[in-house]
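**Q** Just passing along the structure, written as structure tokens.
The values are calculated or read from the model by the stated rules, or taken from the named source; none is laboratory data. These numbers come from a predicted model, not from an experiment. Using ideal geometry, Cβ is built from the backbone for each residue, glycine included, and neighbour counts are taken over all protein chains shown.
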2 protein chains.
Amino acid sequence: MEHYREKGFKLTPQRIAIMKFLEGNKNHPSAEDIYQDVRKTFPTMSFATVYNNLETLREKGHISSLSIDPERRRYDPDTSCHHHLICLKCKMVVDVYADFKVHVPDEQKTSFEVLGSHIEFYGTCPECKKEEGI
Amino acid sequence: MEHYREKGFKLTPQRIAIMKFLEGNKNHPSAEDIYQDVRKTFPTMSFATVYNNLETLREKGHISSLSIDPERRRYDPDTSCHHHLICLKCKMVVDVYADFKVHVPDEQKTSFEVLGSHIEFYGTCPECKKEEGI
DNA sequence: GTTACTGCAAAGCTTTTGCATCCCT
DNA sequence: AGGGATGCAAAAGCTTTGCAGTAAC
């Protein structure tokens, strides 16, 4: 945690709590999820603080924000290259680690500078599939 | 247009205007874009009507909704399998037609039923790249 | 002492909903 | 005639912003 120390970046207790919650978190939480958890320790925590911190952490490259869930933004502390699989029913998101060799056709690439890519798989998770059978 | 006729689906002038605007549209418009255009012909048009129609058209499989732009939902009349390239600056979206062979690793596939996938490429469009040089 | 952060409230946007009226079929 | 669609207003979410007070550095 200490290695996050840098100029113009203060390690406030609230920020540390948010970073601790995110660290290694595989649930791709929303701002609400983060707020609800950190509020247990900091009852005065506000959404403004959550959003401010998420934006700051994203700017610094410590987390990335996902638009895979159309209903709300999700956050991912894993900034390494990977993809996502979302359940269309419960919106659960799981990581997909695989180095897919995808690239846009050359004629588009020449005019449009491609900086990256992300694959979203969608379907039905095990729990929701079980419910379907009922 | 007439071939959209079916039971429980009325061809109102407003709906036809929305469908005409979308037909062959490659701009991946938002509800606002659609509203602003159709309002020229139907000054009484409301957002409720736009959203109602988009949802109905989506249910019937005539259009698809995209979550590639984190700021607002975009709509695409092209429901064939293709992918998208978005400009991080101006949020312009262009189609990428290519049949990428991507699939989740088998161990995930067995528990999670994968129904489809979508690739989003992101980068800088020609216009925005030009501005960068200034 | 500076500078950045917190927390509250208010506002901003996008999208949804309730409901009376309307009109396509 | 009947059932879906329209349009208005209000509400509901999610996210951002302004600002005064506070705390990290």
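**Q** Against the condition more than 12 Å from chain A (Cβ to nearest Cβ), outside any loop (DSSP other than H, G, I, E, B) and acidic (Asp, Glu), how does B:ASP78 come out, does it pass?
**A** no
**Q** Cβ-Cβ distance below 9 Å, separation of 6 or more or different chains: which pairs start in the range A:35-55 with a residue that is under 12 Å from A:ILE16 (Cβ atoms) and end on one that is more than 6 Å from DNA strand C (Cβ to nearest atom) and basic (Lys, Arg)?
**A** Matching pairs, first to second residue: A:VAL38/A:LYS20.
**Q** Quick one: which residue in B:GLU55, B:GLU71, B:GLU131 is outside any loop (DSSP other than H, G, I, E, B) and either modelled with pLDDT under 95 or within 28 Å of A:TYR97 (Cα to Cα) (or both)?
**A** Exactly one of B:GLU55, B:GLU71, B:GLU131 is outside any loop (DSSP other than H, G, I, E, B) and either modelled with pLDDT under 95 or within 28 Å of A:TYR97 (Cα to Cα) (or both), namely B:GLU131.
**Q** Kindly list, by first and then second residue, each pair from a residue in the range A:4-15 that is assigned to a helix (DSSP H, G or I) to a residue that is near DNA strand C (Cβ under 6 Å from one of its atoms) and not β-branched (Val, Ile, Thr), limited to pairs with Cβ atoms under 8 Å and residues at least 6 apart or on different chains.
**A** Once the first residue is assigned to a helix (DSSP H, G or I) and sits in the range A:4-15, its partners that are near DNA strand C (Cβ under 6 Å from one of its atoms) and not β-branched (Val, Ile, Thr) give A:PRO13/A:PHE42; A:GLN14/A:PHE42; A:GLN14/A:MET45; A:GLN14/A:ASN53; A:ARG15/A:ASN53.
**Q** With the requirement that a residue be within 14 Å of A:SER65 (Cα to Cα) and in a loop (DSSP other than H, G, I, E, B), what does the range A:18-47 give you?
**A** A:ASN25, A:LYS26, A:ASN27, A:HIS28, A:PRO29
**Q** Please find, within the range B:111-123, the residue that is surrounded by the most Cβ atoms within 10 Å (Cβ to Cβ) out of those that are aliphatic (A, V, I, L, M) and without any contact (Cβ under 8 Å) to a residue 24 or more places away in the chain.
**A** Result: B:VAL114.
Listed here are the residues, each with its yes/no results for (1) more than 10 Å from DNA strand D (Cβ to nearest atom); (2) at pLDDT 95 or above; (3) under 11 Å from the mean Cα position of the chain (by Cα).
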position	(1), (2), (3)
B:PHE21	yes, yes, no
B:LYS40	yes, yes, no
B:PRO43	no, yes, no
B:ILE63	yes, yes, yes
B:PRO77	yes, yes, yes
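Here's the yes/no breakdown for (1) surrounded by 14 or more Cβ atoms within 10 Å (Cβ to Cβ); (2) within 11 Å of another protein chain (Cβ to nearest Cβ); (3) on the phi > 0 side of the Ramachandran plot:
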| position | (1), (2), (3) |
| --- | --- |
| A:GLU55 | no, no, no |
| A:GLU59 | no, no, no |
| A:HIS62 | yes, no, no |
| A:ARG72 | no, yes, no |
| A:HIS84 | yes, yes, no |
| A:VAL94 | yes, yes, no |
| A:LYS109 | yes, yes, no |
| A:CYS125 | yes, yes, no |
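**Q** Suppose the filter is in a loop (DSSP other than H, G, I, E, B) and in contact with a helix residue (DSSP H, G or I) (Cβ under 8 Å, 6 or more places away or on another chain); does B:LYS101 pass it?
**A** The answer is no for B:LYS101.
**Q** Follow-up. Condition first: over 25 Å from B:TYR97 (Cα atoms), buried (at least 17 other Cβ atoms within 10 Å of the Cβ) and more than 11 Å from DNA strand C (Cβ to nearest atom). Now tell me which residues in the range B:21-39 satisfy that.
**A** B:ASP37, B:VAL38 - these are the residues of the range B:21-39 that are over 25 Å from B:TYR97 (Cα atoms), buried (at least 17 other Cβ atoms within 10 Å of the Cβ) and more than 11 Å from DNA strand C (Cβ to nearest atom).
**Q** Being near DNA strand C (Cβ under 9 Å from one of its atoms), touching a helix residue (DSSP H, G or I) at 6+ places or on another chain (Cβ under 9 Å) and within 14 Å of chain B (Cβ to nearest Cβ): is that true of A:TYR51 here?
**A** So A:TYR51 fits the description; yes.
**Q** Consider B:PHE100 against the criteria (1) at pLDDT below 95; (2) more than 13 Å from A:ILE119 (Cβ to Cβ): it satisfies all of them except one. Which criterion is unmet?
**A** (2) is the only condition that B:PHE100 fails.
**Q** Condition first: crowded, with 17+ Cβ neighbours inside 10 Å and not β-branched (Val, Ile, Thr). Now tell me which residues in the range A:1-20 satisfy that.
**A** The answer is A:GLN14, A:ARG15, A:ALA17, A:MET19.
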